[in-house]
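Student: Before I ask anything, let me first share the structure, which is written out below as structure tokens.
The values are calculated or read from the model by the stated rules, or taken from the named source; none is laboratory data. This is a predicted model, so every value here is computed, not measured. All Cβ positions, even for glycine, are placed from backbone atoms using ideal geometry, and neighbour counts span all protein chains on display.
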Amino acid sequence: MQSKVNLHGVLIADVVASRSTVELRSLLNEKLRVASIAQLDEQLIRVPYAVTAGDEFQVVAARLERVPKLILDLRRRLLPFRLRVGVGIGMVEGPIRRPVNRIAGEAFEYARKAIVEIKAHRKYPTLTRFHSNRESFDRVANLMYSLHDTLMRRTTTKQWATIAMYLIKNRVDYTAKALEIDRSTASRNLRRGFFWQMEETLLVMEEFLRESFGDCT
């Protein structure tokens, strides 16, 4: 049995089509700085993000069951960038402290394998992939997110703006008021942007992580 203390979720992410973005590194650093402050406060991550090379960055989730919320929150905070996210679940060597890119362990190795698999996947495109030592978990989680990402790829910039605001306000009427649009438009953007499917994926994945790794988180 793996240690309860040492089993962690690690995210390695990069920006899709990053070469087309002018001043990517400075924009990415600023967005990740703001995300680090907020997500540390919300107990989504253990340490601030670290940019490791070009458009790639990594972080350790606060808890395994928080990984799905962390993924969605990260996608929201880094708009308009579109991200590939590899998630590794496993052991971490030594204390977890900044900078995160100096920490090692199988969770980081699995996250690296996951993002490499995203880039190599040709059968159907996906933006999120999990890798652990439990093949049955990986198979179900990756199928779930491949379907999720197929819908998410169709979400427009305007729909993402509504989703991002809803994730802050948590009510359709407050979201509409903040964006200065009518309630029906906000509701339609959420529905056509597949937000409710994104939210359901988050909730189901949280439960699936607890069932699969509850003895280790």
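Student: Which pairs do you get when a residue that is under 15 Å from Leu83 (Cα atoms), found in region 109-133, comes within reach of a residue that is of a type in the set (D, E, K, R) and in a helix (DSSP H, G or I), reach meaning Cβ atoms under 6 angstrom, with the pair 6+ apart or on two chains?
Tutor: Once the first residue is under 15 Å from Leu83 (Cα atoms) and sits in region 109-133, its partners that are of a type in the set (D, E, K, R) and in a helix (DSSP H, G or I) give Thr126/Asp149; Leu127/Asp149; Thr128/Asp149; Arg129/Glu117; Phe130/Asp138.
Student: Please work out which one of (1) at pLDDT 95 or above; (2) touching an Asp or Glu at 6+ places or on another chain (Cβ under 9 Å); (3) part of a loop (DSSP other than H, G, I, E, B) is the condition Thr126 fails and give its number.
Tutor: Unmet for Thr126, out of (1) at pLDDT 95 or above; (2) touching an Asp or Glu at 6+ places or on another chain (Cβ under 9 Å); (3) part of a loop (DSSP other than H, G, I, E, B): (1).
Student: So, Leu40, is that one surrounded by 19 or more Cβ atoms within 10 Å (Cβ to Cβ), at pLDDT 95 or above and not acidic (Asp, Glu) or not?
Tutor: No: the conditions fail for Leu40.
Student: Within region 105-123, track down each residue that is over 15 Å from His8 (Cα atoms) and in a loop (DSSP other than H, G, I, E, B).
Tutor: His121, Arg122, Lys123
Student: Filter region 116-134 down to the residues that are under 17 Å from the mean Cα position of the chain (by Cα) and among the charged types (D, E, K, R) and list them by number.
Tutor: Glu117, Lys119, Arg129
Student: Looking at the structure I just gave you, is Ser132 buried (at least 22 other Cβ atoms within 10 Å of the Cβ), polar (S, T, N, Q) and more than 12 Å from Ile12 (Cβ to Cβ)?
Tutor: Considered against the rule, which asks whether it is buried (at least 22 other Cβ atoms within 10 Å of the Cβ), polar (S, T, N, Q) and more than 12 Å from Ile12 (Cβ to Cβ), Ser132 comes out as yes.
Student: Do you know which residues across region 43-64 are crowded, with 20+ Cβ neighbours inside 10 Å and either in contact with an Asp or Glu (Cβ under 7 Å, 6 or more places away or on another chain) or of a type in the set (S, T, N, Q) (or both)?
Tutor: Across region 43-64, the qualifying residues are Leu44, Asp55, Gln58.
Student: Follow-up. Taking the conditions exactly as written (among the hydrophobic types (A, V, I, L, M, F, W, C), touching a Pro at 6+ places or on another chain (Cβ under 8 Å) and within 23 Å of Leu32 (Cα to Cα)), does Val92 satisfy them or not?
Tutor: no
Conditions tested, residue by residue: (1) small (Gly, Ala, Ser); (2) in contact (Cβ under 8 Å) with a residue 24 or more places away in the chain; (3) outside any loop (DSSP other than H, G, I, E, B).
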| site | (1), (2), (3) |
| --- | --- |
| Ala38 | yes, yes, yes |
| Val47 | no, yes, no |
| Asp73 | no, yes, yes |
| Phe81 | no, yes, no |
| Gly90 | yes, yes, yes |
| Arg97 | no, yes, no |
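Student: Just to be sure, is Tyr110 in contact with a Gly (Cβ under 6 Å, 6 or more places away or on another chain) and either more than 23 Å from Gly54 (Cβ to Cβ) or modelled with pLDDT of 95 or more (or both)?
Tutor: So Tyr110 fits the description; yes.
Student: Take the residues of region 154-184 that are among the β-branched types (Val, Ile, Thr) and loosely packed, with under 15 Cβ neighbours inside 10 Å: which is farthest from Leu79 (Cα to Cα)?
Tutor: Among those that are among the β-branched types (Val, Ile, Thr) and loosely packed, with under 15 Cβ neighbours inside 10 Å, it is Ile168.
Student: Identify the residue in region 1-37 that is surrounded by fewer than 19 Cβ atoms within 10 Å (Cβ to Cβ), aliphatic (A, V, I, L, M) and modelled with pLDDT of 85 or more and, among all such residues, is farthest from Leu127 (Cα to Cα).
Tutor: The selected residue is Ile37.
Student: Here's another thing I want to ask about it. Step by step: first the residues of region 106-129, then only those that are of a type in the set (D, E, K, R) and within 22 Å of Gly94 (Cα to Cα), then the one that is surrounded by the most Cβ atoms within 10 Å (Cβ to Cβ). Which residue is that?
Tutor: Glu106
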